[in-house]
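Everything below concerns the one structure shown next.
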Amino acid sequence: MAGQLDGQVVFVTGGARGQGRSHAEAVAREGADVVLFDRCADSPHVAYPLATEADLAESADLVRAHGRDVLALTGDVGDEGAVGKAVDAAIDRFGKIDVLLANAGVHGGGSIQDAHRAVWDEVVATNLTGVFQSLRAVAPHMIERGYGRIVATASNQARMAVPGSVPYVASKWGVIGLVKAAALDLAPFGITVNAVAPGNTSTPMVHNDPLYRALRPDLAAPGWEDVEALLREHHVQPVALLEPVEITAAVLFLIGPATPHITGSVIDVNAGSAARYTA
Ligand SMILES: NC(=O)c1ccc[n+]([C@@H]2O[C@H](COP(=O)([O-])OP(=O)(O)OC[C@H]3O[C@@H](n4cnc5c(N)ncnc54)[C@H](O)[C@@H]3O)[C@@H](O)[C@H]2O)c1
């Protein structure tokens with residue numbers, strides 16, 4: 001059966017696990033070859049473990065299981081040279097990049113009074129500068145071909161601030177500004193640039209003890225049962241977490257053949273939090 005992305009090449013940052021893995025598997029199912037780009041190393045300024053090379057290999061296997069080719073690369077989206085090399089390697093291997101999913105991100109919190117400068121630098125480097133560099137690296141190639149689909153991953157916290165989350169909120173609001181500005185610049189060239197804004201999603205970014213402790217500083221060793229109700233409050237529908245495939249569904253919509261004239265938009269997948277916005 002024909003897939004909606006037959007013969008396309010999709011570049012996924014942060015593709016070793018979580019939402020990036022879900023996107024990679026789905027685009028492979030739809031007929032695309034995939035480039036996975038992930039740091040696969042921890043950061044001293046991120047409180048929870050990031051993906052490993054074993055995670056990256058597992059994502060690559062999931063793509064191959066759909067009969068598609070995969071190029072799995074390690075590198076940091078905050079490193080301009082590494083992103084440029086990865087894009088060059090992808091074009092060498094596959095001849096083109098049709099789609100960029102700028103999904104890599106880290107969570108780092110702190111209030112305006114106590115956020116560490118190193119955490120701010122790390123979160124902005126990955127979540128905002130990393131998206132900027134990923135777009136910059138693919139844009140000349142997409143302009144030359146007169147075609148491209150770009151989706152950046154923002155967040156519910158790009159639409160609505162939450163207390164104690166200054167670096168993350170600021171970086172993700174920045175992603176939406178970046179997407180809108182780039183959508184204007186790339187519109188004449190057949191390239192769309194959009195964002196998805198997920199609510200709390202069931203990935204290792206949420207399921208980790210440091211986040212549980214940040215959410216419940218009153219408890220010595222909080223578990224999932226201690227934070228579930230708090231996470232549910234971020235949403236309107238009574239669910240604490242969405243599944244990665246729900247975000248993937250919005251991504252597939254934005255990169256598929258039916259949406260050439262959706263650009264500069266944000267799709268909220270956030271269990272109704274969108275109903276709380278002013279417009
Ligand atoms: N999980 C949530 O609740 C949630 C909610 C809203 C938005 N998001 C966003 O969704 C995106 C995907 O996150 P996830 O939920 O799958 O979390 P995750 O931690 O499972 O996946 C993030 C991936 O990005 C990689 N990564 C981190 N920094 C990187 C860097 N500098 N360079 C290259 N790769 C890097 C990690 O190794 C990991 O594989 C992120 O942008 C995140 O901010 C997540």
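The values are calculated or read from the model by the stated rules, or taken from the named source; none is laboratory data. Note that the structure is predicted; figures quoted are calculated from it, not measured. Neighbour counts are summed over all protein chains in view; Cβ atoms, including those assigned to glycine, are modelled from backbone coordinates with ideal geometry. Just so you know, the surface numbers come from the protein's heavy atoms only, side chains and all, with ligands and any DNA or RNA stripped out. Shrake-Rupley method; radii C 1.70, N 1.55, O 1.52, S 1.80 Å.
One residue stands out in the range 193-229 among those that are aliphatic (A, V, I, L, M), away from the ligand (no atom under 13 Å from the Cβ) and open to solvent by 40 Å² or more (accessible area, probe 1.4 Å): the one that is farthest from Asn270 (Cα to Cα), namely Ala220.
Scanning the range 1-17 for residues that are modelled with pLDDT of 95 or more and surrounded by fewer than 24 Cβ atoms within 10 Å (Cβ to Cβ) returns Gly3, Gln4, Asp6, Gly7, Gln8, Val9, Arg17.
Yes/no per residue for (1) crowded, with 16+ Cβ neighbours inside 10 Å; (2) outside the structural domain of Ala118 (by TED's automatic domain parsing); (3) hydrophobic (A, V, I, L, M, F, W, C):
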site: Pro163; (1), (2), (3): no, no, no
site: Ala170; (1), (2), (3): yes, no, yes
site: Leu178; (1), (2), (3): yes, no, yes
site: Ala182; (1), (2), (3): yes, no, yes
site: Ile191; (1), (2), (3): yes, no, yes
site: Arg232; (1), (2), (3): yes, yes, no
site: Ala258; (1), (2), (3): no, no, yes
site: Ala275; (1), (2), (3): no, yes, yes
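I'm checking my understanding of the structure. Among residues of the range 28-57 that are more than 11 Å from the ligand (Cβ to nearest atom) and of a type in the set (Asp, Glu), which one is least open to solvent (accessible area, probe 1.4 Å)? My answer is Asp33. Counting only residues that are in a helix (DSSP H, G or I) and closer than 16 Å to Val175 by Cβ, the range 106-136 holds 16 of them.
Quick one: which residue in Val99, Val151, Val119 is among the β-branched types (Val, Ile, Thr), within 12 Å of the ligand (Cβ to nearest atom) and either open to solvent by less than 30 Å² (accessible area, probe 1.4 Å) or within 13 Å of the chain's Cα centre (by Cα) (or both)? Outline the logic, then answer.
Details: Val99 fails: within 12 Å of the ligand (Cβ to nearest atom); Val119 fails: within 12 Å of the ligand (Cβ to nearest atom).
On inspection, the qualifying residue turns out to be Val151.
For Arg145, the conditions (1) out of contact with any helix residue (DSSP H, G or I) (no Cβ under 8 Å at 6 or more places or on another chain); (2) over 21 Å from Leu5 (Cα atoms) all hold with the exception of (2). Close contacts from the range 14-27, counting a first residue that is assigned by TED's automatic domain parsing to the domain that holds Thr52 and within 9 Å of the ligand (Cβ to nearest atom) and a second that is among the basic types (Lys, Arg) and open to solvent by 20 Å² or more (accessible area, probe 1.4 Å), with Cβ to Cβ under 7 Å and a gap of 6+ residues or different chains, come to Gly15/Arg21. Quick one: what pairs do we get from the range 40-60, first residue closer than 13 Å to His107 by Cα, second surrounded by 18 or more Cβ atoms within 10 Å (Cβ to Cβ) and aliphatic (A, V, I, L, M), C-beta under 6 Å, 6+ apart or different chains? Matching pairs, first to second residue: Asp42/Leu50; His45/Val119; Val46/Val106.
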